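Engineer: Can you read through this structure? Questions will come right after.
The values are calculated or read from the model by the stated rules, or taken from the named source; none is laboratory data. Source: prediction; values computed, not measured. Cβ coordinates were reconstructed from backbone atoms using ideal geometry, including for glycine residues, and neighbour counts include every protein chain displayed. Remember, those area values only see protein heavy atoms, side chains included, never the ligands or the DNA or RNA. Shrake-Rupley method; radii C 1.70, N 1.55, O 1.52, S 1.80 Å.
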Amino acid sequence: MSFAAKPTPANASNNSNNKVSSVSAAAPTAAAGAPPETVPDGSGEADQDLLFKLRTFDVYWVEKNALMYRDGIAKTFDKDSRKAIVTEKRRSSVPLILRDMAPPEGSIFDPAKKWDEEKKRSADQAEDDAAAAAKPEPPAKKKGGGNKKGGASSKKTTAESIKENNAAEKIKRDLERDLQKLSNLKTLKALQEASCETVSGKINRMIKMLHLAVCDLRQGSVSASEAEVLDILWALEEMDSFKAADDLVSAEKASKKDSKEDKKDSKKSKKDAKKDKKSKKDAKKEEEKPAEKVVMTAEATTLKSLYKDGSDARGSYKDSLKYARKLMKSKESLITFQLTDMPDRLPPLSRYNRKFKLEDWQCSILGAIDERRSAVVCAPTSSGKTLLSTYTCKIAQGTVLFVLPSEVLVWQVASTYYQFFKGNVTVCTDQISFQEVTGDAQVYIGTPKALERAITKARGAAGEELIKGEREFMILDGGYSQFDYLVLDEVHTLNGPEGDALQRIIKCCNCPVLALSATIGNASQLRDWFASVRNEHVNATLIDAPETPEEVVLQEYFARFINLQRYVVTEAEGKDGNLKQKLVKLHPVAAMTPERLKNEPELISGLSMTPSDMMDLWKRMRSIFPSTALEDLDDPDKFFAQFVDDSMRVTLLQTKEYENHLKKRLTALSQSHPDLYDRLRKAQLPPPLEAKADVSDMLYGVVNQLKQSELLPAVAFQLSTYGAFDMFKTLLERLESEQMAEFPEYRKDLIKKAKEKAQMRKVAAGRASRENAAEAEEEAKEGFVDDSLIQEDTTKPHDR
């Protein structure tokens with residue numbers, strides 16, 4: 001992609017010292033940045049191109065032709081010359097770039113649906129509670145047969161019966177399709193990615209996954225683990241449909257067992273009845289008493305069949321289920337096991353139970369957005385802020401202005417929203433601006449200064465607008481009045497290099513604001529500033545402004561949906577004399593000095609702990625402090641016992657409660673037992689570290705450690721683009737050299753196999769006779785490429 005030379009900005013709004021009130025007044029003057037005598041009259045094609053550039057490309061744009069690709073030809077007939085004119089059709093390549101950068105199809109979460117479900121659930125719950133409170137005591141039933149007319153009305157009509165039969169037939173066909181699909185899937189990963197239409201199909205899928213995990217564990221597979229088995233078992237037993245079906249199967253089995261015992265007792269009573277007539281009459285009554293029949297649902301019937309016939313070469317599904325349940329019961333402490341061996345599988349992180357539930361703080365902000373109120377949200381990374389911004393863009397009545405601090409984030413969000421909003425996305429950065437010309441933009445996404453320049457610049461028609469009356473894809477529609485909502489991600493960058501532009505945008509937008517950040521030190525002060533700006537807008541636009549000023553919602557949240565385990569990298573000389581890298585856990589307690597625990601609670605709350613950190617801390621507390629200094633709830637088994645149900649499943653949100661409890665206890669212990677606490681804290685200090693400006697040489701050793709610890713894939717952050725590229729090249733060169741040292745003949749073997757397979761394909765295609773030097777030379781001169789030679793990848797890395 002070629003870039004245009006960076007011209008001198010001609011827009012007065014670029015001056016960071018300009019006041020907000022002068023932006024709109026200064027922009028028209030700046031638009032005439034070139035002297036009057038340099039502006040052409042637009043008579044010729046060259047003049048039109050120059051006019052186009054002067055009016056629009058007065059800042060850091062990419063050359064327009066670099067963003068175009070050929071999209072066929074168009075033929076027209078000129079009546080005057082009586083000749084056909086062929087023109088080349090060209091289109092912007094930005095939609096293709098956004099499409100290729102987008103996440104996999106179907107992976108984008110629609111928060112509006114989940115919020116509608118949550119509102120409906122809350123409304124139903126409120127109605128049920130109100131009905132239960134107002135419901136009178138039921139009247140005593142009258143003796144007699146009851147109302148025959150009412151009984152007759154309960155009969156189903158013919159139409160209802162037909163509908164039920166059709167629904168049952170559809171479920172039956174869908175189940176057959178699900179079972180056929182599942183029968184072809186033989187791996188755990190394939191079953192995880194599969195989806196089923198019917199309830200019975202979903203149960204079958206979970207049981208088959210459990211069977212595969214159990215068989216791998218029993219056979220000692222490297223990838224198998226008890227955590228995997230228990231994760232699947234918990235997910236299975238948390239399915240209400242499975243629980244109900246399994247209960248019915250068990251009830252039917254118990255009923256049959258009781259029936260057999262009753263028959264035995266009946267035969268015995270008949271023998272005894274011959275001695276006594278009275279006992280004979282009693283035995284007759286008992287014999288005539290009907291046994292309770294268990295009514296099986298469709299899911300229960302399918303599950304019963306699966307228990308009976310479901311199996312493969314490695315065993316039956318029923319035996320695998322029994323093994324998994326026995327494994328769960330054998331654990332001395334399920335809570336400790338989960339915190340130690342399953343920290344990355346605690347709900348909602350379970351890989352098999354992806355039930356997503358909106359948190360209370362998210363519901364609060366979503367309600368404020370519905371009411372078109374401004375809000376400031378301070379929550380950690382991965383806690384669910386993106387859900388709020390996506391919902392805002394989805395339900396807004398007009399266009400949403402989405403401001404991000406960096407170009408990388410702009411492209412990331414734009415690629416996601418381009419798929420989500422069916423292409424109605426506008427992108428604006430220092431290098432590129434793009435808008436979809438076929439429809440109105442639903443979201444403007446860009447960096448502060450680029451957006452300010454594009455929106456405030458006054459201009460006339462240019463380019464395709466001037467020639468054909470069509471919209472230009474590189475010229476954004478200006479004006480702040482078009483925006484219905486303003487979303488600010490990473491709002492703490494108000495103190496950054498483009499903070500002045502961001503402030504002017506906030507003051508120019510007369511609409512509600514959603515400000516998001518993970519690191520706001522003065523959230524209350526920021527909320528008050530947004531409230532003052534918002535009320536200035538209200539007072540300026542309304543004649544009868546409300547007496548009560550509009551308030552801005554402030555929501556602070558400190559939990560996150562992922563576990564970020566901290567590590568530091570240390571270096572030590574190995575036996576071969578080379579430096580070896582080692583990953584060492586970095587425990588947050590190392591930074592929790594007694595002074596910070598007492599005087600800086602906000603800092604301490606930001607030092608989050610993973611479940612593994614909490615277990616390590618509890619073990620050290622138990623070994624260092626006397627039993628009299630510890631409380632019962634310090635023990636994780638006793639603490640979580642007050643939250644978990646019979647399944648003993650611990651959630652990630654509950655671990656946050658335990659973390660808060662431990663921090664309170666550490667604060668108390670640091671004051672009551674300062675020497676012991678100092679010993680505890682120093683035990684968690686990392687080894688001496690050395691800061692390095694360039695860590696490229698260490699990267700291979702770190703990645704190797706991550707692989708051995710099963711922590712891949714991983715993301716390495718490098719603030720410099722060129723620095724990241726240099727690190728990538730260094731790592732790639734090291735990987736290639738290590739591969740060559742360990743497998744010197746590997747590349748030659750790949751080329752040899754590729755040639756053999758290519759020759760076999762030629763023989764199969766009847767082209768082997770063409771292989772001679774003369775023909776090969778002629779074909780090379782003509783540019784001929786044999787596809788059979790390039791189907792094999794001869795550069796792929798070794799599997800190790």
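Engineer: Can you pull the one-decimal nm distance between simple spin-label points at K331 and H673, each 7 Å off the Cα toward Cβ?
Structural biologist: Reported label-point gap for K331 and H673 is 2.9 nm.
Engineer: Here's another thing I want to ask about it. Using a Förster distance of 25 Å, how high is the FRET efficiency between E551 and Q503, based on the Cβ-Cβ distance and rounded to 0.05?
Structural biologist: 0.75
Engineer: Moving on to the next point. Can you compute the modelled spin-label distance between D370 and K253, with each label point 7 Å from Cα toward Cβ, in nm?
Structural biologist: 4.5
Engineer: Would you list E237, E117 from the most to the least accessible area, probe 1.4 Å?
Structural biologist: Of E237, E117, the descending order of accessible area is E117, E237.
Engineer: Label-point separation (nm) for R351 and D78, each offset 7 Å from Cα along Cα-to-Cβ?
Structural biologist: 6.6
Engineer: OK, next. If packing is taken as the mean number of other Cβ atoms within 10 Å per residue, what is the order of 714-722, 176-184, highest first?
Structural biologist: Going from most to least packed, we get 176-184, 714-722.
Engineer: Now for a different question. Given 0.36 nm per residue, what is the gain on full extension from R177 to M760 after removing their alpha carbon distance, in nm?
Structural biologist: Contour length minus the Cα-Cα distance gives 206.0 nm.
Engineer: Now for a different question. Any idea what % of Cα-Cα pairs in the stretch 190-276 are farther than 23 Å? Mind dumping the intermediate values first?
Structural biologist: On the way: 1820 of 3741 pairs.
Of all Cα-Cα distances in the stretch 190-276, 49 percent exceed 23 Å.
Engineer: Using the Karplus equation 6.51 cos²θ - 1.76 cosθ + 1.60 (θ = phi - 60°), what ³J(HN,Hα) coupling, rounded to whole Hz, does each residue of the stretch 399-404 give in order, writing x for Gly and Pro?
Structural biologist: Using θ = phi - 60°, the values come out as 7, 9, 9, 10, 9, 10 Hz.
Engineer: Counting only protein heavy atoms and a 1.4 Å probe, tell me what percentage of the stretch 512-649's accessible area is made up of carbon and sulfur.
Structural biologist: On the way: 3920 of 7830 Å².
Here it works out to 50 percent.
Engineer: Follow-up. As an exercise, use a Förster radius of 35 Å and the Cβ-Cβ distance of E710 and D576 to find the FRET efficiency, rounded to the nearest 0.05.
Structural biologist: For R0 = 35 Å, the calculated efficiency reads 0.90.
Engineer: Going by average Cβ neighbours within 10 Å, how do the peptides 78-87, 504-513, 744-753, 616-625 rank, with the highest at the top?
Structural biologist: Result, highest mean first: 504-513, 616-625, 744-753, 78-87.
Engineer: In sequence order, what are the phi-derived ³J(HN,Hα) couplings for the stretch 489-498 according to the Karplus relation 6.51 cos²θ - 1.76 cosθ + 1.60 with θ = phi - 60°, rounded to whole Hz, with x for glycine and proline?
Structural biologist: Listing the rounded values in order: 8, 6, 5, 5, 6, 4, 8, x, x, 9 Hz.
Engineer: List the residues whose amide H sits under 5 Å from the amide H of V487, counting only those 5 or more places along or on another chain, with H placed 1.01 Å from N in the peptide plane.
Structural biologist: Here the answer is L401, F402, V403, L514, since their amide H atoms fall under 5 Å of that of V487.
Engineer: Using 0.36 nm per residue of separation minus the Cα-Cα distance, give me the extension gain between D528 and K682 in nm, one decimal.
Structural biologist: This chain segment gains 51.3 nm when fully extended.
Engineer: Still on this model: How big is the shadow of the Cα convex hull of the stretch 468-603, averaged over all directions, in nm²?
Structural biologist: Mean shadow area of the hull around the Cα atoms is 17.9 nm².
Engineer: Fully extended, how many nm does the chain gain between E738 and N65 (0.36 nm per residue separation, minus their Cα-Cα distance)?
Structural biologist: 237.9 nm
Engineer: Let me ask something else about it. Which whole-Hz ³J(HN,Hα) couplings does the stretch 687-698 yield from phi under the Karplus relation 6.51 cos²θ - 1.76 cosθ + 1.60, θ = phi - 60°, glycine and proline marked x?
Structural biologist: Using θ = phi - 60°, the values come out as x, x, 10, 10, 6, 10, 6, 10, 10, 4, 5, 8 Hz.
Engineer: Let me ask something else. When the expected Rg is taken as 2.2 N^0.38 Å, what fraction or multiple of it is the alpha-carbon Rg of the stretch 558-629? If you can, show how the numbers build up before the last one.
Structural biologist: On the way: Rg = 16.3 Å, N = 72, 2.2 N^0.38 = 11.2 Å.
Relative to the 2.2 N^0.38 Å estimate, the stretch 558-629 comes out at 1.46.
Engineer: Could you order the peptides 689-700, 445-456, 356-367, 640-651 from most to least packed, using the average number of other C-beta atoms within 10 Å per residue?
Structural biologist: Details: 689-700: 12.4, 445-456: 25.2, 356-367: 16.8, 640-651: 14.8.
Going by the mean number of other Cβ atoms within 10 Å, highest first, we get 445-456, 356-367, 640-651, 689-700.
Engineer: Give, to the nearest whole percent, the P(r) tail of the stretch 598-655 beyond 20 angstrom, counting all Cα pairs.
Structural biologist: Every Cα pair in the stretch 598-655 considered, those over 20 Å come to 40 percent.
Engineer: Given R₀ = 45 Å, what would the calculated FRET efficiency be for L719 paired with K664, taking r from the Cβ atoms and rounding to 0.05?
Structural biologist: Efficiency, rounded to the nearest 0.05: 0.75.
Engineer: Amide H of E556 versus every other amide H placed in the peptide plane: which residues, excluding those fewer than 5 positions away on the same chain, fall under 5 Å?
Structural biologist: Placed amide hydrogens put C378 under 5 Å from E556.
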